[in-house]
Structures are given as structure tokens and as C-alpha cells.
Amino acid sequence: MGMFEGKKILILGVANKKSIAWAVAQALKNEGATLAMTYMNEAIEKRLRPLAEELGVTDVLPCDVQSDEEIDNLFTELESRWGTMDGLVHSVAFADKDDLAKPFSEASREGFKLALDISAYSFVALAGRAKKLMKDGGSMVTMSYLGAERAVDNYNVMGVAKAALESSVRYLAADLGSQNIRVNAVSAGPIKTLAASGIPQFKQLLANFAAKAPLQRNTEAEDVAGATLFLLSSLGSGVTGETTYVDCGFNIMGV
Ligand code: 0WD
């Protein structure tokens with residue numbers, strides 16, 4: 001019997017087969033979880049439907065995280081289909097390409113707001129709704145990156161958004177701990193996905209990373225999925241408010 005048999009988990013951020021969330025969804029399915037997946041718009045819906053079908057996931061729902069109304073509708077729908085839920089995986093981020101490439105001191109007000117809204121606030125907004133369905137406790141996991149803590153070239157406004165996200169993880173963990181809801185982040189090493197293709201010189205970043213990381217390789221989405229399942233499962237029962245690095249050890253290295 002799978003580790004997640006009978007567990008109901010919502011996953012946001014499956015855009016295609018390269019998405020980190022896709023590796024998480026596959027791993028959860030292998031362990032018997034019941035999943036719901038969301039799409040941001042019709043273009044992503046078209047790509048997501050066949051993927052969901054491949055995993056036997058029938059709960060496929062719209063949610064642009066910039067809209068409170070769509071978030072409310074998502075949870076109303078989940079409540080009527082599921083009644084309760086056990087896990088939330090937030091694997092969503094966005095910044096305007098221009099704002100990643102520009103010198104940080106020239107970041108625009110709008111670009112800053114947009115990155116923070118989609119990449120950090122959305123997790124708080126989802127957590128506030130999900131907690132009501134986590135009647136027997138639960139676990140929430142979001143995806144972060146080292147750029148939250150270090151000034152990484154070309155990450156800029158997204159780094160500030162990830163810092164807000166990691167801080168939100170701590171405040172959510174403090175807020176929701178009394179309901180036995182745990183909240184954590186996984187800080188993943190760079191992985192070639194659609195979102196990553198927006199980061200200038202990403203190839204170079206990957207090469208430097210593999211050369212420097214203790215494990216001498218790049219991080220795979222499956223590595224991230226493994227740690228996410230740990231945090232979602234009872235194996236992680238004593239862990240909350242943490243940012244766990246899944247980056248082949250890169251973050252521990254000096255120059
Ligand atoms: O190197 C990497 N790929 C890393 C990614 C290293 C460390 C962390 N991460 C993070 C990302 O910042 C993100 O939070 O992992 C998370 C997942 O990213 P991913 O798997 O690398 O990227 P992708 O497959 O593109 O999924 C992100 C998805 C979007 O896809 P596109 O590329 O179409 O924007 O986030 C979704 C969307 O599906 N998304 C939204 N969903 C709902 N509402 C919204 C929105 N407004 N905007 C973007």
C-alpha cells in the first residue's frame with residue numbers, strides 16, 4: 001500500500017512534463033495519493049488535461065492565482081468534491097523577463113508587485129483557504145530558490161519574491177501549527193523548465209552549478225519530488241517552517 005493512500009493533495013504548477021510539479025504529481029500518484037491539479041489559463045489547460053489523464057487524475061480545475069475569485073471557486077469546488085484535504089503543493093512563480101534581465105536598481109514598481117503577487121502572496125492566499133479543509137491537520141509545500149538568500153545574477157526581482165515566500169513559510173508555520181498543519185519550502189537547484197527558460201544565461205548557470213556542487217551534477221525534478229514527499233508525509237511530522245535545500249549541496253560551498 002502506498003504511503004499516501006487515502007490522502008487528498010492539491011497541486012498547482014503543472015505546466016508540462018518538465019515542470020517540477022509534474023515530478024511531484026507522479027511520485028505522489030505512485031504512492032497512492034488522490035490528486036487535484038490546476039491550470040492558469042486555457043492554453044495550459046490544453047497541455048494539462050492529457051497529463052492528468054495519464055495519471056488518472058480527474059479533478060482538474062482552473063486557478064489563476066492572481067484572482068481571489070478563482071482561488072475561492074477552486075476551494076468551493078474542492079470542498080464539494082473532497083470535503084477535506086491533506087496536502088497542498090504550490091509550484092508557481094512568475095516575473096516579467098525584462099525585470100529579470102534589468103539591473104536590479106531599475107526594477108519597476110509594477111514588475112516588483114507582479115513577481116511578489118504571483119510568486120509569494122499566492123501561497124498565503126491558498127494556505128488561508130486550504131487550512132479550512134485540512135480538518136485532520138495537513139502539510140503545505142512551496143518551491144524556492146537560493147536567490148532568496150544570495151544575490152544571484154539575473155534572478156533579481158524573483159529573488160526578492162522568493163525571500164518573501166520563505167518568510168511567509170515561517171509565518172504560516174507559526175500561524176497554522178496549532179491545527180497540526182505544517183508549512184515548508186524546498187529550495188531547489190536550477191532545473192531546465194519553462195519558467196527557468198525566462199532567466200538569462202540559464203545554461204551557463206547549470207554548467208557552473210554542476211561543476212561546483214558537491215554531488216557534481218545538476219538537480220533533477222525527481223530529487224525535488226523526493227524531498228517534497230518527505231515533507232508532505234508523516235516522515236516529516238516534526239518539520240515545519242523550514243526551507244530545505246535540494247540542490248546537490250551547492251548552497252554550502254564557498255567561492
Ligand atoms: O530551476 C528551476 N526550474 C527552479 C524552479 C529552481 C528553484 C525553484 N523553482 C521554482 C519556481 O520558481 C516555481 O516556484 O519551482 C516552481 C515551479 O517552477 P518550474 O517547474 O521550474 O516551472 P514551470 O514548469 O514553468 O511551472 C511554473 C508554472 C507556470 O508555468 P508557465 O511557464 O506557463 O508560466 O507556474 C504557473 C504556470 O503554470 N503560473 C501560474 N499559475 C497560476 N496562476 C501563474 C498564475 N498567475 N503564473 C504562473
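When the chain is modelled as a GNM with alpha-carbon springs shorter than 10 Å, which of Ala196, Ala115, Ala188 fluctuates the most? The residue that fluctuates most here is Ala196. Each peptide in 221-231, 2-12 receives the mean, over its residues, of other Cβ atoms within 10 Å, and ordering these scores from highest gives 221-231, 2-12. Less than 5 angstrom separates the built amide H of Ser144 from those of Val186, Ser187, Ala188, all sequence-distant by 5 or more or on a different chain.
My understanding is that a pair violates if its Cα-Cα distance is over 18 Å; which of Lys113/Lys203; Lys8/Lys135; Lys18/Lys203; Lys18/Lys46; Lys7/Lys132 do that in this structure? All intermediate terms of the calculation are to be shown ahead of the outcome.
Details: Lys113/Lys203 27 Å; Lys8/Lys135 12 Å; Lys18/Lys203 16 Å; Lys18/Lys46 16 Å; Lys7/Lys132 16 Å.
Where the Cα-Cα span goes over 18 Å, the pairs concerned are Lys113/Lys203.
Using 0.36 nm per residue and subtracting the Cα-Cα separation, the extra length available between Met1 and Asp98 on full extension is 30.1 nm. Using the rule -39500 (n - 2.57) for each DSSP H run of four or more residues, divided by the residues of the chain, the 222 nm mean residue ellipticity is -13500 deg cm²/dmol. Hey, got a sec? Which trypsin sites (Lys or Arg not before Pro) in the range 182-231 land in a DSSP loop and have at most 15 other Cβ atoms within 10 Å? Answer by residue number: Lys192, Arg217. Put the Cα centre of the range 215-230 next to the Cα centre of the range 140-180 and the gap is 18 Å.
Solvent-accessible area per residue for the chain at a 1.4 Å probe radius, Å²? Walk me through the numbers on the way to the answer.
Numbers: 11930 Å² over 255 residues.
It amounts to 47 Å² per residue over the chain.
Find how much the distance from Val124 to Leu215 grows on full extension, using 0.36 nm per residue of separation minus their present alpha carbon separation; answer in nm with one decimal. Net length gain for the segment: 29.4 nm.
On the protein heavy atoms, probe 1.4 angstrom, tell me the percent of accessible surface of the chain carried by carbon and sulfur. Carbon plus sulfur share of accessible area: 51 percent. Here the simple spin-label model places points 7 Å from the Cα toward Cβ, and for Glu45 and Thr84 these points are separated by 3.2 nm. Under a plain spin-label model, where a point goes 7 Å from the Cα along Cα-to-Cβ, how far apart in nm are Val255 and Ala196? In this crude spin-label approximation the distance works out to 2.6 nm.
The values are calculated or read from the model by the stated rules, or taken from the named source; none is laboratory data. What you see is a predicted model, and the numbers here were worked out from it, not measured in a lab. Every residue, glycine as well, gets a Cβ built from its backbone with ideal geometry; the counts of neighbours run over all protein chains shown. Ligands, DNA and RNA are excluded from the accessible area calculation, which covers all protein heavy atoms including side chains. Shrake-Rupley method; radii C 1.70, N 1.55, O 1.52, S 1.80 Å.
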